[in-house]
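Visitor: One structure, as structure tokens, below. Some questions next.
The values are calculated or read from the model by the stated rules, or taken from the named source; none is laboratory data. Since we're looking at a predicted model, the values are computed, not measured. Cβ: placed from backbone, ideal geometry, glycine included. Neighbour counts: every protein chain shown. Ligands, DNA and RNA are stripped out before the accessible areas are found, and what is left, the full protein with its side chains, is counted by its heavy atoms. Shrake-Rupley method; radii C 1.70, N 1.55, O 1.52, S 1.80 Å.
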Number of protein chains: 2
Amino acid sequence: MNLDAIQTKLDEFKRYVRKMKQYKEAVGLLYWDLRTGAPKKGVQTRSEVVGELSTEVFRMSVSDKMGEFLAFFTQPEHFGQLDRTSQKMIEECQKDYDRSKKIPEDKYQAYVVLTSQAESVWEDAKHQSDFAMFQPYLEKIVAANQEFIELWGYEGNKYNTLLDMYEPGMTVEKLDQVFGALREKAVPLLQAIQASSRQPDRSFIDQTFDKEKQKQFSLFILKQMNYDFEAGRLDETVHPFATGLNPGDVRITTRYLPNDVTSALFGTIHEGGHALYEQNISSDLIGTNLCSGTSMGIHESQSRFWENMVGRSWAFWSRYYGDLQKMFAGQLDQVDVDAFYKAINHIQPSLIRIEADELTYNLHIMIRYEIEKGLINGTIRVADLPGVWNAKYKEVLGVEPAADSDGVLQDVHWSGGSFGYFPSYALGNMYAAQMTHTLKKRLPNFDELIASGNLLPIKEFLTEQIYRYGKLLTPNEIIVQMTGEELNPDYLVAYLEDKYKAVYGLN
Amino acid sequence: MNLDAIQTKLDEFKRYVRKMKQYKEAVGLLYWDLRTGAPKKGVQTRSEVVGELSTEVFRMSVSDKMGEFLAFFTQPEHFGQLDRTSQKMIEECQKDYDRSKKIPEDKYQAYVVLTSQAESVWEDAKHQSDFAMFQPYLEKIVAANQEFIELWGYEGNKYNTLLDMYEPGMTVEKLDQVFGALREKAVPLLQAIQASSRQPDRSFIDQTFDKEKQKQFSLFILKQMNYDFEAGRLDETVHPFATGLNPGDVRITTRYLPNDVTSALFGTIHEGGHALYEQNISSDLIGTNLCSGTSMGIHESQSRFWENMVGRSWAFWSRYYGDLQKMFAGQLDQVDVDAFYKAINHIQPSLIRIEADELTYNLHIMIRYEIEKGLINGTIRVADLPGVWNAKYKEVLGVEPAADSDGVLQDVHWSGGSFGYFPSYALGNMYAAQMTHTLKKRLPNFDELIASGNLLPIKEFLTEQIYRYGKLLTPNEIIVQMTGEELNPDYLVAYLEDKYKAVYGLN
């Protein structure tokens, strides 16, 4: 086959992928609208629209047409003719195709129904703190995942197949190693912090902060981060999120709590970090299946980097605390920047993951990881979960939930079958610390840039190293190319120890 | 063929139509988003998404599958087995199918390109007031419409085929009659009004009205109209519009002018009228191609009815003027309700259609109707348009544009090829007056209901007579069923004479 014929076929394939991407963008906007302001009486009909378009995307991903494209382009003599972007597009389609094709349609349909029922049952079960209600659903979901893994196949640990969906290339072997190393240092650090007599005073947080001013300050900080408002917008939702519809339209939402000025602030910076990633993907990738972040872990590294390594840094508040005091005139006069810095870097073991600080957050994740690994490999039974959960919290964090609603029922993930997702959060923290180490070497005036409010060089460096690639590079390729080595938990350990020994006056 | 087989096929047809409707709903939301707040850097990619989904709807409407459905169900022995709703669904699909199939694809594609270029050229031409720039495009658009009419076929006047697209069943013969009768009375009435010494004082309008308060008042009035905020929302755009995504999600927009409190007010009521129609279509029709207003004229009758017959009535302001004064405390103290009522019912011939009052508006439309009829039938040449336009304005309204930007170039419609659309606006006024006549008979306390702010019985009556049917009844069936006779311009004449003789103190 000559090159012209390959090119013609490639153009056809790209148009096909572009159409799928366009449908996904429509679905993305429909979701955004449902979550930000769609009138409730239209939700039922709208959900059916979402269902129809999503189904169409799925159909396209497993169609005979897609099968033909893949059969053609994966032949070495054709694959070899493709540029790297096209090769990567094929590889991504092949991965989706295999994953979907290996599950018989009736099993998949039954699973969709099961998880959608389970999400609704979980909501009630959490509300009533009644694990028994949720248990039969979770048992079926775990069993289905075990069955799917057999169909998909796996290398090494069965759980690897699930991990790979969120963090391509990640394995239990690697996670055991990095989480082990992290835990070994994190737990003693936590104990030392708890024993410290220098506990921050957080009483000032207990005031009413005007919502409109919180919004103004959120907008101000996003502007400082070089979030592009011509390629995005900020709205309000109960659960903050970021959604990249295309690099020219990356929207974020936040939540304003009247009695806690830090919630919207760090929530906005966090989502802003996700958004910077999506806004700065190369425009060459628009309309391809590579035009999004490369993995959940790398995505989370960017939200965490901006939230913690920048947003909770001393340098940041040495620059912006005056602006915050001015915005909430009279409310923070008695709190100096040092007190504020310590208050927002308060470490406290707690029951609830989403409220956890940047040290204990990782421990919440490790508990979930151990449990998921056990469930999938059959070494932990669903029926035993509440006991297992509580014991692990007691052991690792020294706290024990009085009710399952604050324990094993707190997260939505399992009800939707999202096993393998949780590790991304802790991976994000580790990647972020490792990247920060590199940033400080490559931009030696890193702290001064932040302290002078000049965040642009940081964004530009991250764009060059990470953002522009979209899914063109794997998570491992990204971290190696940027930092010169594979994921290494020591950077997060060093970062946490440095920072918190200073905050808590440890030696 | 037995009934079961017909039912099975009917179910399949309905699923097919539902899918088309779902795609249209997605497109509707994408448009709404583009016009209300989509970030500008995402617009290019988003427009391609809209294009892809719209094309898919078009493809489905002319597909072989659709052809098979229609061939099957239009056979008398099958058609006769269907309920009325299904029959009407078939008829609507057949109409679209025929319209699209009769135009060769290359001609249609060329026309789409032509009109999209023409819209952009028109914008520049209007800006520079340069008709010559726009002329070659308009000539091609007129020629294409003439060619399409030959392909579509026509009965009586060629222009009938275009009218039928916006107002099914409407003809030149009927329009000539009703517009003639209206003009015969409207022109002398206008002359008498202009000769009156009792011209309203509008000087109070020239103040700054706080935008937030304008918004609050718009929301208040919509609530009074029984617009359902659980099935809609109000946003701000440069050009106000209403969009019915489904009966549970009917959104409206308005525009707040700082120096004119009446613009947002009547704009909101107008769009609110359109929205009441769409919100109250029977839920049985959701997912069918009958789930929208039956015609442009009937739709406009509802926006006009609420804007003018209710919103510009004495009874309305006897109830709500106090609220308006309270909202803009101190700004309207010197203006009593009588002065306000007269000011908002000021009649003044002008050059610009969209700024026209409820009397002269009809004359603006008649001029466009005469011109369109002439263009399509070849009795007016595009090259002569500026002269023809100016002469007609001089003759009918007594004003003459100094520049084509305020004359023949003022409207976007022709650049998009929307010939046959303009008459809907005046038809709306006529329908509205005729319906108001019936309403006053059927709800004898009509004025008192308004004066007491009890607008619910009015909305309920309109729902029962018009809204719930969607496209299940034709415009003519609606007006005959509700008022007992076909469209009759005398009601609008009587309404205008009654109202404005009182406002201007004519005998």
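Visitor: Give the average, rounded to an integer, of partner chain Cβ atoms located within 10 angstrom of each Cβ in A:47-59.
Guide: 3
Visitor: How much space per residue, in cubic angstrom, does the convex hull of the C-alpha atoms of chain A take up?
Guide: It comes to 158 Å³ per residue, whole-number rounded.
Visitor: By DSSP, what percent of the beta bridges with both residues in the protein assembly as shown are antiparallel, rounded to the nearest 5?
Guide: 60 percent
Visitor: Over the heavy atoms of residue A:147, what accessible area does a 1.4 Å probe trace out, to the nearest 10 Å²?
Guide: Looks like 70 Å² after rounding.
Visitor: Where Lys and Arg each count +1 and Asp and Glu each count -1, what net charge lies around residue B:148 among other residues with Cβ under 11 Å from its Cβ?
Guide: Around residue B:148, the surrounding residues sum to +2.
Visitor: Now for a different question. Working from Cα positions, state the angle (0 to 90°, nearest 10) between the long axis of helix A:490-503 and the longest principal axis of chain A.
Guide: 20 degrees
Visitor: Let me have the 222 nm mean residue ellipticity of chain A computed from DSSP H runs of 4+ only, each contributing -39500 (n - 2.57), with the sum over all residues rounded to the nearest 500.
Guide: -20500 deg cm²/dmol
Visitor: Any idea how far apart residue A:239 and residue B:4 come out in nm if each label point goes 7 Å out from Cα toward Cβ?
Guide: Result for the modelled spin labels: 4.5 nm.
Visitor: Taking the Cα of residue A:139, stepping 7 Å toward and past its beta carbon, and measuring to each backbone N in the range A:373-388: which are under 19 Å?
Guide: A:374-388
Visitor: How would the range A:388-463 be classified by its alpha-carbon gyration tensor: rounded, prolate or oblate, with rounded meaning a/c under 1.5 and the a/b versus b/c comparison settling the rest?
Guide: prolate
Visitor: Continuing with the same structure: Hey, rough spin-label estimate for residue A:65 and residue A:477, points 7 angstrom out along Cα→Cβ, what's it come to in nanometres?
Guide: If labels sit at residue A:65 and residue A:477, their model points lie 2.7 nm apart.
Visitor: Just report the Cα centroid separation between the range B:283-328 and the range B:1-51, whole Å.
Guide: Between the Cα centres of the range B:283-328 and the range B:1-51 lies a distance of 27 Å.
Visitor: Here is a follow-up. Which cross-chain or sequence-distant (5 or more) residues have an amide H under 5 Å from the amide H of residue B:235, H modelled 1.01 Å from N in plane?
Guide: B:252, B:253, B:254
Visitor: Another question, if that's okay. Would the range B:108-237 count as rounded, prolate or oblate if I go by the C-alpha gyration tensor, calling it rounded below 1.5 in a/c and otherwise prolate when a/b exceeds b/c, oblate otherwise?
Guide: Taking the square roots of the gyration eigenvalues as a ≥ b ≥ c, the range B:108-237 is prolate.
Visitor: Taking chain A as the reference, fit the longest principal axis to its C-alpha atoms, fit the long axis of helix A:385-397 to the helix C-alpha atoms, and give the angle between the two in degrees, 0 to 90, nearest 10.
Guide: 50 degrees
Visitor: Can you compute 3J(HN,Hα) from phi for each residue in the range B:434-446, using the Karplus curve 6.51 cos²θ - 1.76 cosθ + 1.60 with θ = phi - 60°, rounded to whole Hz and x for Gly and Pro?
Guide: 5, 5, 5, 4, 5, 4, 5, 6, 7, 10, x, 9, 3
Visitor: If you rank A:370, B:92 by how much accessible surface each has, with a 1.4 Å probe, what is the order from largest down?
Guide: Final ranking, largest accessible area leading: A:370, B:92.
Visitor: Related question: Looking only at chain A, where both bridge partners belong to it, what percent of the DSSP beta bridges are antiparallel (to the nearest 5)?
Guide: In chain A, approximately 60 percent of DSSP beta bridges are antiparallel ones.
Visitor: Measure out, as a whole number of angstrom, how far apart the alpha-carbon centroids of the range A:437-478 and the range B:60-96 sit.
Guide: Measuring centre to centre over Cα atoms gives 60 Å.
Visitor: Using the Karplus curve 6.51 cos²θ - 1.76 cosθ + 1.60 with θ = phi - 60°, work out ³J(HN,Hα) for each residue of the range B:333-339 in order, rounded to whole Hz, and write x for Gly and Pro.
Guide: Each residue's phi maps through the Karplus curve to give 4, 8, 10, 7, 4, 5, 5 Hz.
Visitor: Then there's this: Under 12 Å from the Cβ of residue A:299, count the other residues' Cβ atoms, weight Lys and Arg +1, Asp and Glu -1, and hand me the total.
Guide: That works out to -2.
Visitor: Helix B:211-224 versus the longest principal axis of chain B: what is the Cα-based angle in degrees, 0 to 90, to the nearest 10?
Guide: In chain B, helix B:211-224 runs at an angle near 70 degrees to the longest axis.
Visitor: Another question, if that's okay. Please label the shape of the protein assembly as shown as rounded, prolate or oblate, based on the square roots a ≥ b ≥ c of the eigenvalues of the alpha-carbon gyration tensor (a/c under 1.5 means rounded; beyond that, a/b larger than b/c means prolate, else oblate).
Guide: Prolate is the answer for the protein assembly as shown, as a/c is 1.5 or above and a/b outweighs b/c.
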